[in-house]
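What follows is a short report on a single structure.
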Amino acid sequence: MTMTNTAAAAELPAAKSTARRKSNRTAYWLIAPGALWMLLFLVLPIAMILYVSFWTQTTFAIQPILTTKSWTTFFSSDTYLSALWTTVRIWLTVLFATILVGYPAGLFVGLFVKNKTLQTVLLTLCVIPFWTSFLIRVLAWRPMLGKEGAINIVLQWLGITSAPIDALLFSELSVVIGMTQIYCVFMVGPIAFMLGRIDPNIIEAARDLGAGFGRIFRTIILPLSLPGVVVGSIFVSVMVLGEFATSAALSGRKVNLLGNIIVTQVGSLKWAFASVIGVVLTLIIGVVVAGLLRVVNLRKEL
């Protein structure tokens, strides 16, 4: 009997090891398609762009002769560095504006609207503008922001201004307004989702203990909604940093973002220099996303 138990005890670790190997093989096969997709359509294209950025640029072509001339041109030019700073500045402004506008909307939908059907309807209303063309949504701001546009008319009718405000259109302000409206929904959705997961009993217990709304918001609502803010910030950041259409349509080419320079360089067949800017944008986006992911552990929270 003792020998039988000893043999069984000796076989148990081996059986567990075999089962673990089978489980690992199954996991590897499950992630293989996604990993292959990411390799072919994300890693390799980025590596190719980085490689092309070191090619030699001629007048209307590039040659696979490695050089750092395109990189030197970018970092030694005040024009391109100014566009880099403008891109970062508009990104930060739009990110702050989308949080400022999107958080109250997400708070209302996710926490104060109890009916799930009504929540779905309200979130659907936020998505309805995406049923139309992106360009139409951008150009729709022109008659709103122009000298004789709806906003100037309302401001003068209310007596806030005595003359039309020129800075509302074909300026950096118009670009920020357009991007905020277009991308705000990507902030509202994640915030509303996270707030909708809060157990109402937690808030009721805090109220029973004498906590006011301000303290409940600081100690319960804000910390629990932070993952939604981070996810929304990632969505907004990735899209705004790569923007070019909104600035071209609403600034009258006065606001030059890195995305606009890429379009111009590609149109001029200057692939090497366009690749340099593409790599710079990719690095910025990577740093931003990595920084935001350090704020909260999304794998744990979601």
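The values are calculated or read from the model by the stated rules, or taken from the named source; none is laboratory data. Note that the structure is a prediction, hence the values are computed from the model and not measured. Cβ placement follows ideal geometry from the backbone for every residue including glycine, while neighbour counts extend to all protein chains displayed. SASA here: full protein model, heavy atoms, side chains in, ligands and nucleic acids out. Shrake-Rupley method; radii C 1.70, N 1.55, O 1.52, S 1.80 Å.
A compact table of results
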item	result
Percent of C-alpha pairs per 10 Å bin, the chain, short to long	5, 18, 23, 22, 16, 9, 4, 2, 1, 0, 0
Full-extension gain in nm, residue 298 to residue 60, via 0.36 nm per residue minus C-alpha separation	81.1 nm
Computed over segment 73-210, the ratio Rg/Rh where both radii use C-alpha atoms and Rh is Kirkwood	1.10
Å³ per residue enclosed by the Cα convex hull of segment 159-302	143
Convex hull volume per residue for segment 40-104, taking Cα atoms only, in Å³	135
Cα pair distances exceeding 23 angstrom across segment 39-150, given as percent	64
Per residue accessible area in Å² of the chain, where ligands, DNA and RNA are left out and the probe is 1.4 Å	60
Potential extension, residue 204-residue 24 segment - 0.36 nm per residue separation minus Cα distance	60.3 nm
Helical segments meeting 24 Å axial Cα length and Kyte-Doolittle 0.5 threshold in the chain (DSSP H)	78-107, 222-241, 271-293
Relative packing of 129-135, 180-186, 239-245, 267-273, which averages over residues the other C-beta atoms within 10 Å, highest first	180-186, 239-245, 267-273, 129-135
Whole-Å distance, taken between Cα centres, linking segment 76-96 and segment 170-242	25
Coil-residue chymotrypsin sites (Phe, Trp or Tyr not before Pro) of segment 29-73, DSSP, other Cβ within 10 Å capped at 16	60
